[in-house]
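The values are calculated or read from the model by the stated rules, or taken from the named source; none is laboratory data. Only a predicted model underlies this, so the values are computations on that prediction, with no experimental measurement involved. Here the Cβ positions follow ideal geometry from the backbone for every residue, glycine too, while neighbour counts run over all protein chains shown.
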Amino acid sequence: MGELLGVYVFGSVARGDRDPRSDLDLLAVVADGKGKVDEANVYAHVPSGLSDLEASISWYGRRRLGAMFENGELFGWHLHQEAMPLFEAEPVIKELGTPAPYRDAVSDVASFEKVLSGIPQQLDAAPENAVYELGLVYVCLRNICMAASSKLCDRPDFSRYSPFRLNGFPAVPMTQDEYDLAMNCRMAGQRGMLPPSPVSRSLVAAIHRRLAPWIAELRHRLERD
Amino acid sequence: MDASTRRTRFEERVRVERDFLVPVNRRFGAAAPLAGMTASAIESWRRRASDLYIEMDVERVAKLLLEAAARAELLADNSRDVFEADRQVAPDGLGGLKVLLTSALNVPD
């Protein structure tokens, strides 16, 4: 049976920007080599004021978490900036200190750019899958901008609206309504919310056409920096 | 695990998800789109599709989708943060399920 070392909340609730779309991101840190614990043991540490939120648990062993900080992985920075303890058998996150510098921004952006580049072909082949493809636009764009924010902003911006908060770079060519629509598509695919309707192939293709050159320029900017 | 491995896993996850979403949405997408391959998304689709397509075996399709998601370890992946490294995509053994799904949907490959 596993051993629970810590339970932390991160994400919008930890940032203090909870809204009706928020869920509860939990990090459960367990002792290495012993497996997980019963989820009920994690949920037992959630305060009653947060218990109405849909929760999801990210499980990590202490060794893997340490490697994440040592490697300067973006998720390590995410936890470093936001993780708030709900329970600690040991101060796991605090003991890890500050993560190493994040150095993978360009390659991470390029990877999500690659996923995005496949969307037009997918829309042509399966226009009925437009909800999924628009959700993919959201998750790629958000992650691209989280990675870019580590270079363009004072500190990485993990908020949902990071694409609208990049410093010193032209505004993302997407309205907030379009972005919210894409986010709702992603949430439908992840949390089972009702998919937005209608989402047309032509709308997704138009958004993609505007974003692709902007993201390429963003990557070039990161390469130059 | 290096960063390139994590990125490859996300790309592989997208490929596996599309593999199952596309045939379902070709059949149901206009009225009851399947938005993702998590348990919540499949259950949401099952409820909507059951109301609209009484002539189809929606329950069987939903079970096949859940089985595929479980085998590919998609269910354990909340995927809200693709930079998380400990998430696996295990596409092995999905071919048989794809055949069964195609049969259940009664659509050509």
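Given (1) aromatic (Phe, Trp, Tyr); (2) under 17 Å from the mean Cα position of the chain (by Cα); (3) farther than 25 Å from A:ALA105 by Cα, where does A:TYR43 come up short, assuming only one miss?
(2)
Look at segment B:15-41 and say how many of its residues are among the β-branched types (Val, Ile, Thr), more than 20 Å from A:LYS114 (Cβ to Cβ) and at the interface with chain A (Cβ under 8 Å from one of its Cβ atoms).
The qualifying residues number 1.
From A:PRO170, A:PRO120, A:PRO163, grab the single residue that is more than 8 Å from every other protein chain (Cβ to nearest Cβ) and either in contact with a strand residue (DSSP E or B) (Cβ under 7 Å, 6 or more places away or on another chain) or not in a helix (DSSP H, G or I) (or both).
Working: A:PRO120 fails: either in contact with a strand residue (DSSP E or B) (Cβ under 7 Å, 6 or more places away or on another chain) or not in a helix (DSSP H, G or I) (or both); A:PRO163 fails: either in contact with a strand residue (DSSP E or B) (Cβ under 7 Å, 6 or more places away or on another chain) or not in a helix (DSSP H, G or I) (or both).
Only one candidate passes the filter, namely A:PRO170.
Exactly one condition in (1) closer than 21 Å to A:SER159 by Cβ; (2) crowded, with 17+ Cβ neighbours inside 10 Å; (3) small (Gly, Ala, Ser) is not met by A:GLY6; state its number.
(1)
If you check B:LEU52 against the conditions, is it within 26 Å of A:ILE119 (Cβ to Cβ), among the hydrophobic types (A, V, I, L, M, F, W, C) and at pLDDT 85 or above?
In short, no.
Restricting attention to segment A:29-50, and to residues there that are of a type in the set (Gly, Ala, Ser) and at pLDDT 90 or above, which single residue is farthest from A:SER12 (Cα to Cα)?
Applying the filter and picking the extreme gives A:ALA31.
Kindly indicate the residue of segment A:93-115 that is under 30 Å from B:ARG13 (Cα atoms) and among the β-branched types (Val, Ile, Thr) and also nearest to the other protein chains (Cβ to nearest Cβ) among those meeting that condition.
Among those residues, the one meeting the criterion is A:VAL115.
For A:MET1, all conditions in the list (1) closer than 19 Å to A:ARG191 by Cα; (2) more than 22 Å from the chain's Cα centre (by Cα) hold save one; what is the number of the exception?
So the condition that A:MET1 fails would be (1).
Considering only segment A:124-137, state which residues are more than 11 Å from chain B (Cβ to nearest Cβ) and not acidic (Asp, Glu).
Listed by number, the list holds a single entry, A:VAL137.
Does segment A:189-205 contain at least one residue that is part of a helix (DSSP H, G or I), touching a helix residue (DSSP H, G or I) at 6+ places or on another chain (Cβ under 6 Å) and at the interface with chain B (Cβ under 9 Å from one of its Cβ atoms)? Give the steps one after another, and end with the answer.
Step one: list which residues in segment A:189-205 are part of a helix (DSSP H, G or I), which gives A:189-191, A:201-205.
So of that shortlist, the ones also touching a helix residue (DSSP H, G or I) at 6+ places or on another chain (Cβ under 6 Å) come out as A:189, A:191, A:201, A:204-205.
In the following step, the residues that additionally are at the interface with chain B (Cβ under 9 Å from one of its Cβ atoms) were identified as A:189, A:191.
Scanning segment A:189-205, I find at least one residue that is part of a helix (DSSP H, G or I), touching a helix residue (DSSP H, G or I) at 6+ places or on another chain (Cβ under 6 Å) and at the interface with chain B (Cβ under 9 Å from one of its Cβ atoms), so the answer is yes.
Here are the criteria: (1) facing chain A (nearest Cβ under 8 Å); (2) at pLDDT below 90; (3) farther than 18 Å from A:PRO127 by Cβ. Tell me which single one B:GLU12 does not satisfy.
(1)
Identify the single condition in (1) surrounded by fewer than 16 Cβ atoms within 10 Å (Cβ to Cβ); (2) at pLDDT 85 or above that B:LEU65 does not satisfy, given that it satisfies every other one.
Single failed check for B:LEU65: (1).
Considering only segment A:194-225, how many residues are modelled with pLDDT under 95 and farther than 25 Å from B:ALA31 by Cβ?
The number of residues fulfilling the criteria is 2.
Any chance segment A:66-74 includes a residue that's in contact (Cβ under 8 Å) with a residue 40 or more places away in the chain and within 13 Å of chain B (Cβ to nearest Cβ)? Before you say what the answer is, go through the steps one by one.
Restricting attention to segment A:66-74, the residues satisfying the condition of being in contact (Cβ under 8 Å) with a residue 40 or more places away in the chain are A:74.
From what's left, within 13 Å of chain B (Cβ to nearest Cβ): A:74.
Checking segment A:66-74: at least one residue is in contact (Cβ under 8 Å) with a residue 40 or more places away in the chain and within 13 Å of chain B (Cβ to nearest Cβ).
Give just the number: which of (1) touching a strand residue (DSSP E or B) at 6+ places or on another chain (Cβ under 9 Å); (2) among the hydrophobic types (A, V, I, L, M, F, W, C); (3) within 12 Å of chain B (Cβ to nearest Cβ) does A:ALA89 not satisfy?
Single failed check for A:ALA89: (3).
Applying the selection to segment B:86-109, what residues are loosely packed, with under 13 Cβ neighbours inside 10 Å, modelled with pLDDT of 85 or more and farther than 22 Å from B:GLU11 by Cα?
Correct list: B:VAL99, B:SER103.
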